[in-house]
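In what follows, a structure is listed as structure tokens, so that the remarks can point back to it.
The values are calculated or read from the model by the stated rules, or taken from the named source; none is laboratory data. In this text the structure is predicted, and so the values were computed from the model without any measurement. Methodologically, a virtual Cβ is constructed for each residue, glycine included, from the backbone with ideal geometry; neighbour enumeration extends over all protein chains shown. Only protein heavy atoms, including side chains, enter the accessible area calculation; ligands, DNA and RNA are left aside. Shrake-Rupley method; radii C 1.70, N 1.55, O 1.52, S 1.80 Å.
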Amino acid sequence: MSVPALHLRPAWALLKKHHQKIRRTHLRQLFAKDSERGQKLVAEAAGVYFDYSKNRITDETLSLLLQLAQESGLRDRIDAMFRGDQINTSEKRAVLHVALRAPRGASIMHEGQNVVPEVHAVLDKMAAFADRLRSGEWKGHTGKRIRNVINIGIGGSDLGPVMAYEALRHYSERSMTFRFVSNVDGTDFAEAVHGLDPAETLFIVSSKTFTTLETMTNAHTARDWLLAGLGGEQAATAKHFVAVSTNAQEVAKFGIDTANMFGFWDWVGGRYSMDSAIGLSTMLAIGPDNFRAMLGGFHEIDEHFRTAPFERNLPVLMGLLALWYNDFFGAQTVAVLPYEQYLKRFPAYLQQLTMESNGKHVTLDGQPVDADTGPIYWGEPGTNGQHSFYQLIHQGTRLIPCDFIAFAHTLNPLGQHHDMLLANVFAQTEALAFGKTVKQVKAEGTPDWLVPHRLFEGNRPSNTILLDKLTPAALGKLVALYEHSVFTQGTIWQIDSFDQWGVELGKALAQRIIPELEEAAEPKLEHDSSTNALIRRYRKMKQS
Ligand code: F6P
């Protein structure tokens, strides 16, 4: 279906007008008008309770946003994704992360072939390896058991594994140590191996392309470290290195036996790969059964996204609401605030998922997109954020829609902690929405001069996402919710949410500059005057 430019879609113009009408309407008014609002504007699926009542929307807003989704061809595009069409048009690739979590026996086609059996073959290979490693059957070169696992990767080959390890630490094998190296800054590697015995350490080199500068540099450094620690015997590599990649040729070139390579496919984007073999470190930490439970959670939301009517479709609603603030209220960011310590890396994970996906300036056919795309996602776990940046959310001049994420049960029941934590979630969303009026502030005996300082305007929107407990399945559900919310937004902007050309220029320039920093003779520099001067200054400083 061909989709007209945004400003030509009827719902867009209607939303513009509608926004003018309701932009000053206060959440206090909306709640006062309908005493049931808090029960009505909720959606629930797969054990996820989504309260979106504290948003600056009316029934009309919702129906116009849903109309926009229809006019943008969202239904067709969802079907196209699940059908294996090349919806990543600029890279001419299908987008099939949903196949990574399809149950055994399901059928998802790619170029005339059902990919689900292949997916499960890799999962089975990962599980067999995980069982051998976790049981101690797989030994290092000197015969010692592997106790330390270090994942080397960056971007999607790091953020998912780190986030999932932290999120599911409760379920992890505590007798093993898991660390992650991503940055080309040598400090990252040095600290990751600090105190570890090479004879007990396994490196997973995770890279879709197996050519990424940071990862390959760290992988070579890891091999040097290992060999130095094990008397220089090249054969040691085989027992201490495995690879996760789509590039068997480069893996073999590095010296890793391709029998110890776990594959995936070009239809899995880096930032959509934590549930592929890129999740090997996660599986080693939590075991194959828990990993499969996580995939089950992903799949439940996939099915919900694929089949639920848009008005009850959680990722669709999340995407539309994010777009409502981004494009109509001019909000530039979305704060993600997990009230769960184990999700401390979740906002960082979402930064790549959302911003690498939707930070685009042209539509699928190369025309400038006629609205702001990709809001900035950021956040920190509650309650820490409350003592740092919430001030700005409550009383600053910017509008920051927030996603609050909470669980009914804690994995670490300690006294009153959990009720206190949850009380803070509910208190924050209430305070943001309703604020405190002049009358209320004065009634507290506040002197007039102090009233403006103590005033809370309110009308600050938030979603609350409430789940039962942070299980592997719950994590899968949460990630899938955001993946499909990103897709929903990208579809409305008609952008390619699955390429990432924007990271290329910096990479290419760095490749050009590396020799200029290392050459013994003064290099002939042909950059701008600032870059030239910085390079010269650095060369001088490092010699002193
Ligand atoms: O930074 C761009 C990027 O291509 C990401 O999309 C990707 O997740 C990351 O680099 C790592 O790539 P690879 O897995 O190929 O090493």
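Working only within the stretch 258-291, note down all residues that are outside any loop (DSSP other than H, G, I, E, B) and of a type in the set (S, T, N, Q). Show your work before the answer.
Within the stretch 258-291, the subset outside any loop (DSSP other than H, G, I, E, B) is 258-263, 270-272, 277-286, 288-291.
Passing the criteria: THR258, ASN260, SER281, THR282, ASN290.
If you go through the stretch 328-355, how many residues are within 15 Å of the ligand (Cβ to nearest atom), surrounded by 23 or more Cβ atoms within 10 Å (Cβ to Cβ) and not polar (S, T, N, Q)? Talk me through it step by step, then tell me what you get.
Start the filter on the stretch 328-355 by keeping residues that are within 15 Å of the ligand (Cβ to nearest atom), which leaves 348-355.
After this cut, where a residue has to be surrounded by 23 or more Cβ atoms within 10 Å (Cβ to Cβ) as well, the list is 349-350, 353-354.
So of that shortlist, the ones also not polar (S, T, N, Q) come out as 349-350, 353.
Summing the residues that are within 15 Å of the ligand (Cβ to nearest atom), surrounded by 23 or more Cβ atoms within 10 Å (Cβ to Cβ) and not polar (S, T, N, Q) in the stretch 328-355 gives 3.
Give the stretch 138-148 a look and list any residue that's in contact with a Lys or Arg (Cβ under 9 Å, 6 or more places away or on another chain) and not β-branched (Val, Ile, Thr), or say none.
TRP138, LYS139, GLY140, HIS141, ARG145, ASN148
Scan the helices (runs of 4 or more DSSP H) fully inside the stretch 437-496 and keep the ones with 1 or more residues being within 30 Å of LEU8 (Cβ to Cβ).
Details: elements: 438-443, 451-454, 472-493.
Once the helices (runs of 4 or more DSSP H) in the stretch 437-496 are filtered for at least 1 residues that are within 30 Å of LEU8 (Cβ to Cβ), what remains is 472-493.
Looking at the stretch 154-168, can you tell me whether even one residue there is out of contact with any Leu (no Cβ under 6 Å at 6 or more places or on another chain) and surrounded by fewer than 18 Cβ atoms within 10 Å (Cβ to Cβ)? Before the answer, list the steps.
If we filter the stretch 154-168 for residues that are out of contact with any Leu (no Cβ under 6 Å at 6 or more places or on another chain), which is where we start, we get 154-166, 168.
Of the ones still in play, those that are also surrounded by fewer than 18 Cβ atoms within 10 Å (Cβ to Cβ) are none.
Looking through the stretch 154-168, none of the residues is out of contact with any Leu (no Cβ under 6 Å at 6 or more places or on another chain) and surrounded by fewer than 18 Cβ atoms within 10 Å (Cβ to Cβ).
Specify which of the listed residues (ALA199, ALA192) is among the aliphatic types (A, V, I, L, M), closer than 14 Å to TRP225 by Cα, touching a Ser or Thr at 6+ places or on another chain (Cβ under 9 Å) and away from the ligand (no atom under 16 Å from the Cβ).
Values: ALA192 fails: touching a Ser or Thr at 6+ places or on another chain (Cβ under 9 Å).
Just a single option satisfies the conditions, and that option is ALA199.
Answer yes or no: is there a residue in the stretch 182-189 that is within 13 Å of the ligand (Cβ to nearest atom), open to solvent by 10 Å² or more (accessible area, probe 1.4 Å) and under 20 Å from the mean Cα position of the chain (by Cα).
So the first thing to find is which residues in the stretch 182-189 are within 13 Å of the ligand (Cβ to nearest atom), and the list is 182-184.
Now drop any that are not open to solvent by 10 Å² or more (accessible area, probe 1.4 Å), which leaves 182-184.
Adding the requirement that they be under 20 Å from the mean Cα position of the chain (by Cα) leaves 182-183.
Checked against the condition, which is being within 13 Å of the ligand (Cβ to nearest atom), open to solvent by 10 Å² or more (accessible area, probe 1.4 Å) and under 20 Å from the mean Cα position of the chain (by Cα), the stretch 182-189 yields at least one hit.
Restricting to the stretch 222-279, name every residue that is within 13 Å of the ligand (Cβ to nearest atom) and open to solvent by 60 Å² or more (accessible area, probe 1.4 Å).
ASP266
Could you tell me whether the stretch 127-135 includes any residue that is modelled with pLDDT of 95 or more, out of contact with any Gly (no Cβ under 8 Å at 6 or more places or on another chain) and within 16 Å of the ligand (Cβ to nearest atom)? It would help to see each step written out before you state the result.
Of the stretch 127-135, the ones modelled with pLDDT of 95 or more are 127-135.
Checking which are out of contact with any Gly (no Cβ under 8 Å at 6 or more places or on another chain) leaves us with 127-129, 131-133, 135.
Checking which are within 16 Å of the ligand (Cβ to nearest atom) leaves us with none.
Looking through the stretch 127-135, none of the residues is modelled with pLDDT of 95 or more, out of contact with any Gly (no Cβ under 8 Å at 6 or more places or on another chain) and within 16 Å of the ligand (Cβ to nearest atom).
Please state which of the following conditions VAL316 fails to meet, knowing it meets all the rest: (1) within 24 Å of GLN391 (Cβ to Cβ); (2) of a type in the set (Val, Ile, Thr); (3) part of a helix (DSSP H, G or I).
In the conditions (1) within 24 Å of GLN391 (Cβ to Cβ); (2) of a type in the set (Val, Ile, Thr); (3) part of a helix (DSSP H, G or I), VAL316 misses (1) alone.
Which is crowded, with 18+ Cβ neighbours inside 10 Å and either of a type in the set (A, V, I, L, M) or without any contact (Cβ under 8 Å) to a residue 60 or more places away in the chain (or both), of GLY366, GLY379?
The match here is GLY379.
Somewhere in the stretch 403-425, is a residue at pLDDT below 95 and outside any helix (DSSP H, G or I)?
No, that holds for no residue.
Pairs, please: C-beta under 9 Å, at least 6 apart or cross-chain, first residue more than 14 Å from LYS33 (Cβ to Cβ) and of a type in the set (A, V, I, L, M) and in the stretch 50-62, second part of a helix (DSSP H, G or I) and open to solvent by less than 30 Å² (accessible area, probe 1.4 Å)?
From residues that are more than 14 Å from LYS33 (Cβ to Cβ) and of a type in the set (A, V, I, L, M), the pairs are LEU62/LEU317; LEU62/LEU320.
Of all residues in the stretch 197-247, which are among the acidic types (Asp, Glu) and more than 25 Å from the chain's Cα centre (by Cα)?
Taking the stretch 197-247 and keeping what is among the acidic types (Asp, Glu), we get 197, 200, 214, 224, 233.
Once the filter is applied, which keeps residues that are among the acidic types (Asp, Glu) and more than 25 Å from the chain's Cα centre (by Cα), the stretch 197-247 yields ASP197, GLU200, ASP224, GLU233.
Restricting the search to the stretch 156-195, which residues are in contact with a helix residue (DSSP H, G or I) (Cβ under 7 Å, 6 or more places away or on another chain), among the polar types (S, T, N, Q) and assigned to a helix (DSSP H, G or I)?
Matches in the stretch 156-195: SER157 only.
Please specify each residue of the stretch 356-402 satisfying the condition of being of a type in the set (Val, Ile, Thr) and assigned to a helix (DSSP H, G or I). Before the answer, list the steps.
First pass over the stretch 356-402, keeping only residues of a type in the set (Val, Ile, Thr): 362-363, 369, 373, 376, 383, 393, 397, 400.
Across the stretch 356-402, the qualifying residue is only ILE393.
Condition first: assigned to a helix (DSSP H, G or I), of a type outside the set (Gly, Ala, Ser), within 13 Å of the ligand (Cβ to nearest atom) and in contact with a helix residue (DSSP H, G or I) (Cβ under 9 Å, 6 or more places away or on another chain). Can you find one or more residues in the stretch 140-153 that meet it? Don't jump to the end; show me each part of the working.
So the first thing to find is which residues in the stretch 140-153 are assigned to a helix (DSSP H, G or I), and the list is none.
Taking every residue of the stretch 140-153 in turn, none turns out to be assigned to a helix (DSSP H, G or I), of a type outside the set (Gly, Ala, Ser), within 13 Å of the ligand (Cβ to nearest atom) and in contact with a helix residue (DSSP H, G or I) (Cβ under 9 Å, 6 or more places away or on another chain).
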